[in-house]
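Novice: My questions all concern the structure below.
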Amino acid sequence: QVQLVESGGGLVQSGGSLRLSCAAPGSIFSGATMGWYRQAPGKQREVVATITSGGSTNYEDSVKGRFTISRDNAKNTVYLQMNSLKPEDTGVYYCWLPYGLDNYWGQGTQVTVSS
C-alpha cells in the first residue's frame with residue numbers, strides 16, 4: 001500500500017495564496033509522475049496539475065498562470081503553489097500517484113477561498 005500524506009490546505013481570501021504539500025514513499029517517488037486533483041461540492045474530481053519524474057508539467061486551463069506544481073526528489077515531496085486564488089478554486093484537493101496498475105490518493109485537504 002502506498003501512503004501519501006498531504007498538508008497545507010486552509011481558508012484564504014480571494015486573491016490569496018496557499019501551498020499544498022504531499023509526501024510519498026521514497027522508494028517510488030523519484031520515478032513517478034505525480035499530480036493534484038480537486039473536487040468541488042457536487043462536482044466530479046478533476047485534474048489540476050501533473051508533473052512527470054523529469055519535471056514536465058501540465059495544468060488545467062483555469063489554473064494556468066496561477067498555480068505551480070513542483071517536486072523535491074530529495075524530500076520525496078510534491079508541491080502545489082496556488083496564487084491569486086478564486087472562490088471557484090474551493091474544494092478538496094487530493095494528491096495523486098499512478099503506480100503500476102493502481103492509482104493512489106492522499107487523504108485530501110480542504111481549500112476554501114472566500115470572496
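The values are calculated or read from the model by the stated rules, or taken from the named source; none is laboratory data. Note that the coordinates shown come from a computational prediction; the quantities given were computed from them, not determined experimentally. Backbone-built Cβ (ideal geometry, glycine too); neighbour counts: all protein chains shown. These accessible areas exclude ligands, DNA and RNA; they are computed on the full protein's heavy atoms, side chains included. Shrake-Rupley method; radii C 1.70, N 1.55, O 1.52, S 1.80 Å.
Novice: Would you calculate, for the chain, the mean residue ellipticity at 222 nm contributed by helices, counting each DSSP H stretch of 4 or more residues as -39,500 (n - 2.57) and dividing by all residues, to the nearest 500?
Specialist: One gets -500 deg cm²/dmol as the mean residue ellipticity at 222 nm.
Novice: Another question, if that's okay. What full-extension length gain, to one decimal in nm, is calculated for S115 and N58 as 0.36 nm per residue of separation minus the Cα-Cα distance?
Specialist: 17.8 nm
Novice: Next up: Let me know the shape class of region 65-115, please: from the alpha-carbon gyration tensor, a ≥ b ≥ c as square roots of the eigenvalues, rounded when a/c is under 1.5, otherwise prolate if a/b is greater than b/c, or oblate.
Specialist: Oblate is the answer for region 65-115, as a/c is 1.5 or above yet b/c matches or exceeds a/b.
Novice: Among S84, Q44, G8, whose Cα projects farthest towards the positive end of the dipole of the chain, with charges put on the beta-carbon of Lys, Arg (+1) and Asp, Glu (-1)?
Specialist: Towards the positive end, the residue furthest out is S84.
Novice: While we're on this one: Ignoring ligands, DNA and RNA, how do D61, D72, D102, D89 rank by accessible area with a 1.4 Å probe, largest first?
Specialist: Correct descending sequence by accessible area is D61, D102, D72, D89.
Novice: Moving on. Springs between alpha-carbon pairs under 10 angstrom, Gaussian network model over the chain: which of G15, G55, G100 fluctuates most?
Specialist: So, out of G15, G55, G100, the one fluctuating most is G100.
Novice: Report relative contact order for the chain in percent, whole number only (criteria: Cα-Cα under 8 Å, sequence separation at least 6).
Specialist: Once normalised by length, the contact order is 36 percent.
Novice: Then there is this: Using a probe of 1.4 angstrom, how much of the accessible area of the chain is carbon and sulfur, in percent?
Specialist: In the chain, the share of accessible area belonging to carbon and sulfur is 45 percent.
Novice: If you don't mind, another one. Under a 10 Å cutoff between Cα atoms, tell me which one of S21, S70, S84 has the largest fluctuation in the Gaussian network model of the chain.
Specialist: Among S21, S70, S84, the largest mean-square fluctuation in the Gaussian network model of the chain belongs to S84.
Novice: Taking 7 Å along the Cα-to-C-beta vector as the label spot, tell me the N103-Q1 distance in nanometres, rounded to one decimal.
Specialist: According to this spin-label approximation, the distance is 2.0 nm.
Novice: What does the net charge come to around Q13 if you take all other residues with beta carbon closer than 13 Å to its beta carbon, with K and R at +1 and D and E at -1?
Specialist: 0
Novice: Using unit Cβ charges (K, R positive; D, E negative) and no other charged atoms, how large, in debye to the nearest 20, is the dipole of the chain about its Cα centre?
Specialist: 160 debye
Novice: Just the accessible area for I28, please: 1.4 Å probe, Å², rounded to the nearest 10?
Specialist: Approximately 20 Å² of I28 is accessible to the 1.4 Å probe.
Novice: Next question. Quote the accessible area belonging to Y99 in square angstrom, nearest 10, computed with a 1.4 Å probe and with ligands, DNA and RNA left uncounted.
Specialist: Y99 exposes around 110 Å² with every protein chain in place.
Novice: Give me the distance between the Cα centres of region 57-115 and region 1-28, rounded to whole Å.
Specialist: Taking the Cα centre of region 1-28 as reference, the centre of region 57-115 is 7 Å away.
Novice: Using a 1.4 Å probe, what is the accessible area per residue for the chain, in Å²?
Specialist: Dividing the accessible area of the chain by its residue count gives 52 Å².
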